[in-house]
Amino acid sequence: MDNSMKKLVDSGYKMTKPRLAVWKCIGKGKRPLSARKIHEKIGTFDQASVYRALNLFESVGLVKSETIRKEKFYCAQDKPHHHIICRLCGHIENFPCTHKFNKHKNFTDIEHRLTLYGVCVKCTQ
């Protein structure tokens with residue numbers, strides 16, 4: 001069992017087949033995926049099970065979500081990163097984050113989100 005699934009079980013939840021399938025799909029991805037795309041990729045479970053798994057993973061802190069072009073996308077919360085999106089075709093890639101917000105005199109538990117937009121290599125050719 002990987003550390004992420006251990007965190008889920010330690011939080012009091014069972015590792016069901018739909019949850020495992022959704023997690024494997026997210027873990028393979030090098031870019032964020034929508035619930036619709038995850039459902040298409042795994043196909044064996046209904047869309048409601050995919051949404052329930054994603055909501056649970058987000059509440060436990062295994063995934064982060066971000067709304068991009070009016071659709072919610074999910075990615076594993078492993079290494080800090082942002083997303084860069086092609087303005088023309090919508091292609092999304094992860095972009096490493098090097099920002100460190102250890103403490104600020106009036107805040108704790110600081111989070112940030114940054115979405116970058118550009119034109120991908122395919123669209124420039």
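No value in this document is a laboratory result; all are computed from the given coordinates. Predicted, not measured: the structure shown is a model, and the values here were computed from it. Methodologically, a virtual Cβ is constructed for each residue, glycine included, from the backbone with ideal geometry; neighbour enumeration extends over all protein chains shown.
Of all the Cα-Cα pairs you can form in the chain, what percent are over 17 Å apart? Walk me through the intermediate numbers first.
Details: 4753 of 7750 pairs.
That tail contains 61 percent of the Cα-Cα pairs.
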Could you work out Rg/(2.2 N^0.38 Å) for the stretch 81-124, with Rg from alpha carbons only? 1.55
Going by average Cβ neighbours within 10 Å, how do the peptides 9-20, 58-69 rank, with the highest at the top? 58-69, 9-20
In vacuo Debye scattering of the stretch 3-76, one point per C-alpha: log10 I(q)/I(0) at q = 0.19, 0.23, 0.28 Å⁻¹? -0.70, -1.03, -1.48
